[in-house]
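Below is one structure, written out as structure tokens; the observations come after it.
The values are calculated or read from the model by the stated rules, or taken from the named source; none is laboratory data. Everything numeric here is computed off the predicted structure, so don't read it as measured data. No Cβ is skipped: glycine too gets one built from the backbone with ideal geometry, and neighbour counts run over all protein chains shown. These accessible areas exclude ligands, DNA and RNA; they are computed on the full protein's heavy atoms, side chains included. Shrake-Rupley method; radii C 1.70, N 1.55, O 1.52, S 1.80 Å.
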Amino acid sequence: MKRTSIAWIQAAPLAAVFVVFFLLPLALIVMVSFWQATDYELIPAFTLQSYVDLVNEVTLRTYLSTLKFSLLVWLLTLAIGFTVAYFLAFHVRSTLWQTVLFILCTVPFWTSNVIRMVSWIPLLGRNGLVNDTLVAAGLVDQPVEWLLFSSFSVTLAFVHLYTMFMIVPIFNSMMRIDRSLLEAARDAGASAWQSVWHVVVPLSKTGIIIGSIFVIALVMGDFITVGVMGGQQIASVGKTIQVQAGVLQFPAAAANAVVLLGTVLLMIVALMRLVDLRKEL
């Protein structure tokens with residue numbers, strides 16, 4: 001009994017922080033999503049109108065656009081993250097060089113997200129370095145328009161921002177793999193690709209799932225990247241919520257946030273069914 005009481009006392013501060021900074025704001029968002037709003041005031045009266053207003057073609061296209069970015073960025077970050085993590089874990093023998101190269105991967109995080117996004121503009125713009133090079137080389141007759149303020153630039157910025165969230169957990173999982181398993185696979189006649197697919201990938205599944213959760217959650221809720229790199233021309237759920245909150249339509253923004261949260265949670269639950277993180281961590 002005494003041990004149980006001590007455990008509760010030790011958990012109380014973290015539980016209090018969790019309740020105050022997560023559960024309480026979430027409850028407020030859910031509550032506001034059922035309120036009414038006029039052009040100048042919020043009315044705390046129960047209504048489902050904000051959710052009814054979400055059932056339309058524009059909202060569906062916005063969610064599909066956000067899901068498209070999420071899936072595409074997930075695939076690209078997974079491919080890049082797995083490759084980089086595999087190289088660091090199995091091809092860099094020196095612990096010192098592993099540390100140096102790993103720190104090198106974190107260099108983009110030494111500046112703010114906005115600065116990192118803005119840095120793409122002089123590179124990809126109509127008169128940017130890439131277009132000037134393509135025109136000078138005679139590969140195109142005029143500057144390419146889709147390099148900036150397009151789905152391409154948004155996806156590129158997402159991959160640039162969030163690949164590290166995929167590298168870290170996968171690298172951590174790979175470092176736990178017993179190297180003798182790879183040697184046994186090679187002794188059994190497995191090729192390098194077969195060893196990766198049948199040994200490394202299954203044993204890295206925990207890191208892949210954790211990285212996927214991070215990337216998907218971040219992309220689904222992002223609005224700054226879409227706004228800056230999309231030139232305010234590309235729709236996303238996060239951007240819609242920002243606009244609605246900016247014009248003081250808080251019930252509509254809250255309803256969108258609740259639906260978005262539910263969508264992300266469903267995706268996370270689906271991913272977590274692939275591996276029991278509680279046993280693996």
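Based on DSSP H segments of at least four residues, each scored -39500 (n - 2.57), the chain has a per-residue ellipticity at 222 nm of -21000 deg cm²/dmol.
Computed about its Cα centre, the charge dipole of region 150-281 is approximately 120 debye, with only Lys, Arg, Asp and Glu carrying charge at their Cβ.
In units of the rule-of-thumb radius 2.2 N^0.38 Å, region 86-143 shows an alpha carbon radius of gyration of 1.72. Per residue, the solvent-accessible area of region 32-180 (1.4 Å probe, heavy atoms of protein chains only, all protein chains present) comes to 59 Å². Given the protein chains as shown and a 1.4 Å probe, how many square angstrom of F109 are accessible, to the nearest 10? About 80 Å², ignoring ligands and nucleic acids. In the chain, taking the dipole from charged Cβ atoms about the Cα centre, the farthest positive-side position among V58, S153, A79 is held by A79. Residue ranges 114-124, 55-65, 232-242 sort as 232-242, 114-124, 55-65 when ordered by packing (mean number of other C-beta atoms within 10 Å per residue, highest first). Dipole check for the chain: with +1 at the C-beta of Lys and Arg, -1 at the C-beta of Asp and Glu, and the Cα centre as origin, the magnitude is about 940 Debye.
Dimensions of the chain based on its C-alpha atoms, expressed as ranges along the principal axes with the largest first, amount to 78, 71, 33 Å.
Note on the chain: GNM, Cα springs under 10 Å; of T66, T99, T155, the largest mean-square fluctuation is that of T99. Run the accessible area of the chain with a 1.4 Å probe and give the carbon-and-sulfur part as a rounded percent. Summing carbon and sulfur atoms, their accessible area is 71 percent of the total for the chain.
What the phi angles of region 130-144 give under the Karplus curve with 6.51, -1.76 and 1.60, with θ = phi - 60°, is a coupling list of 5, 5, 4, 5, 5, 5, 5, 7, x, 6, 9, 7, 9, x, 7 Hz, glycine and proline written as x.
Using the Karplus relation 6.51 cos²θ - 1.76 cosθ + 1.60 with θ = phi - 60°, the per-residue 3J(HN,Hα) values for region 174-188 come to 5, 5, 8, 6, 5, 5, 5, 5, 5, 5, 5, 5, 5, 5, 7 Hz, with x marking Gly and Pro. Under a Gaussian network description of the chain, with springs only between Cα atoms under 10 Å, the residue in Y40, Y51, Y86 that fluctuates furthest is Y40. Heavy-atom accessible surface of M267, to the nearest 10 Å², is about 50 Å², with a 1.4 Å probe and all protein chains retained.
Distances between placed amide hydrogens fall under 5 Å for Q36 paired with I43, A45, all partners being 5 or more residues away or on another chain.
When F46, F87 are compared by accessible area of protein heavy atoms, the largest-first order is F46, F87, using a 1.4 Å probe. In terms of its C-alpha gyration tensor, region 123-281 comes out oblate, because a/c is 1.5 or above while a/b does not outweigh b/c.
Note on the chain: GNM, Cα springs under 10 Å; of S180, S153, S50, the largest mean-square fluctuation is that of S180.
Size descriptors for region 33-145, from the alpha-carbon set: Rg then Dmax equal 23.4, 64 Å. When a/c is below 1.5 the answer is rounded, else prolate if a/b is larger than b/c, else oblate, so apply that to region 1-58 with a ≥ b ≥ c taken from the square roots of the Cα gyration tensor eigenvalues. In terms of gyration-tensor shape, prolate. Once you sort the root eigenvalues of the Cα gyration tensor of region 182-231 as a ≥ b ≥ c, which label holds: rounded (a/c under 1.5), prolate (a/b larger than b/c) or oblate (the other case)? Taking the square roots of the gyration eigenvalues as a ≥ b ≥ c, region 182-231 is prolate.
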